[in-house]
1. Examine the range 116-128 for a residue that is open to solvent by 10 Å² or more (accessible area, probe 1.4 Å), modelled with pLDDT of 95 or more and within 16 Å of the ligand (Cβ to nearest atom), and state whether such a residue exists.
2. Does residue 139 satisfy the criteria of being open to solvent by less than 10 Å² (accessible area, probe 1.4 Å) and in contact with a Cys (Cβ under 6 Å, 6 or more places away or on another chain)?
3. Pairs, please: C-beta under 6 Å, at least 6 apart or cross-chain, first residue under 12 Å from residue 137 (Cβ atoms) and near the ligand (Cβ under 8 Å from one of its atoms) and in the range 171-186, second small (Gly, Ala, Ser) and part of a loop (DSSP other than H, G, I, E, B)?
4. Provide a single number: the residues in the range 194-228 that are open to solvent by 60 Å² or more (accessible area, probe 1.4 Å), part of a helix (DSSP H, G or I) and more than 24 Å from residue 269 (Cα to Cα).
5. Yes or no: residue 166 more than 10 Å from the ligand (Cβ to nearest atom), without any contact (Cβ under 8 Å) to a residue 12 or more places away in the chain and not assigned by TED's automatic domain parsing to the domain that holds residue 67?
6. Can you tell me how many residues in the range 74-115 are assigned to a loop (DSSP other than H, G, I, E, B) and open to solvent by 40 Å² or more (accessible area, probe 1.4 Å)?
7. Taking the condition assigned to a helix (DSSP H, G or I), within 16 Å of the ligand (Cβ to nearest atom), touching a Gly at 6+ places or on another chain (Cβ under 7 Å) and not basic (Lys, Arg), does residue 159 pass?
8. Hey, can you tell me all the residues within the range 31-57 that are surrounded by fewer than 15 Cβ atoms within 10 Å (Cβ to Cβ), at pLDDT 95 or above and assigned to a loop (DSSP other than H, G, I, E, B)?
Amino acid sequence: MTTVSVDLGGTNVKSALIKDGVIVESFSAPSRSDAGIRETLSAVEHVIMDWKNKSDIDGIGVAFPGIVDPAKKKVVSREGKFEDAWLFDFEGWARERFDLPLILENDALAAAAGEHAFGAAKGCGDFVLLILGTGIGASAFMDGKPVRGKHNQAGITMGHVPRGGDRPCACCGGVGCSESRASTWALGYMIAESPIDSPLKNETTPDFKLLKRYCEEGDALAVSLFEECVSVWVDVILSLVYAYDPELVVLSGGVLKWGNELFDRIKKGVLEKAWTEWGALRFAAASDPDASVVLGLHELAK
Ligand SMILES: [Zn+2]
């Protein structure tokens, strides 16, 4: 089976030609979420057309960073990235441009499907996945299948469980969401609103790579933000664990590039707090965070 996957990220739109679970070719372009979904998709159309001209492609899978209805092939969420996406006819786009059928999935759910089929959750039917990046992505598998729920938002919205405070969420329109307390997009607000003085306040585009550098230099603000983020992420995982009763927690996303210290701190925090009389949860890092979404789409397209 040969498919094309398109991962609509906030920073990049990634596409891949995949044959029987192996990425044959891939292409990435900057996202234009401000310019809209049509503009962003047009950045990969010529590549998909090239692939179609030389391969026998069975279909296209698109992963979207928000709530989708896979049956209707429509984006449901109207907040967050690509605000016009809920109006876009993805199925019509795939048919008119390439004469191919299409599946549309949430990006974290696709990542979980990729880890389940090819990666860290291979052979494990009950697991949860947490993606720490621009925001907090999440997904859960039970009995070997992705949990979807009545309105296709089970698990994937766990980063929006309120955690207190009054910071507006950049993604869901809510207030005090977990990801508004611990994510890359929230970091600038967290730094600006902290009473602790630090040269970190002069940084214009803070991210976790920068936060790590300040932590290593012993900066009090950086250390306190790191501690706060770990505590939020631990609680989001506990919410997933209590909702879906997994045996394995898979951690993914760009923030994990922090290294083993972060992975170990999250794991320790969860294991210390988790009420799991049956034993200890297993933890694993995503085996290939950059590829799991596109591979998951390929798997779901079956
Ligand atoms: Zn939110």
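1. no
2. Values: open to solvent by less than 10 Å² (accessible area, probe 1.4 Å): yes; in contact with a Cys (Cβ under 6 Å, 6 or more places away or on another chain): no.
Considered against the rule, which asks whether it is open to solvent by less than 10 Å² (accessible area, probe 1.4 Å) and in contact with a Cys (Cβ under 6 Å, 6 or more places away or on another chain), residue 139 comes out as no.
3. 171/80; 171/135; 179/135
4. 3
5. Values: more than 10 Å from the ligand (Cβ to nearest atom): yes; without any contact (Cβ under 8 Å) to a residue 12 or more places away in the chain: yes; not assigned by TED's automatic domain parsing to the domain that holds residue 67: yes.
So residue 166 fits the description; yes.
6. Residues that pass the stated criteria total 9.
7. Working: assigned to a helix (DSSP H, G or I): yes; within 16 Å of the ligand (Cβ to nearest atom): yes; touching a Gly at 6+ places or on another chain (Cβ under 7 Å): yes; not basic (Lys, Arg): yes.
Yes; evaluated as a whole, the condition is true for this residue.
8. 56 - this is the single residue of the range 31-57 that is surrounded by fewer than 15 Cβ atoms within 10 Å (Cβ to Cβ), at pLDDT 95 or above and assigned to a loop (DSSP other than H, G, I, E, B).
The values are calculated or read from the model by the stated rules, or taken from the named source; none is laboratory data. All values derive from a computational prediction rather than experimental measurement. Glycine also receives a Cβ, built like all others from the backbone with ideal geometry; neighbour counts cover every protein chain displayed. These area figures cover heavy atoms from the full protein model, side chains too; ligands, DNA and RNA do not enter into them. Shrake-Rupley method; radii C 1.70, N 1.55, O 1.52, S 1.80 Å.
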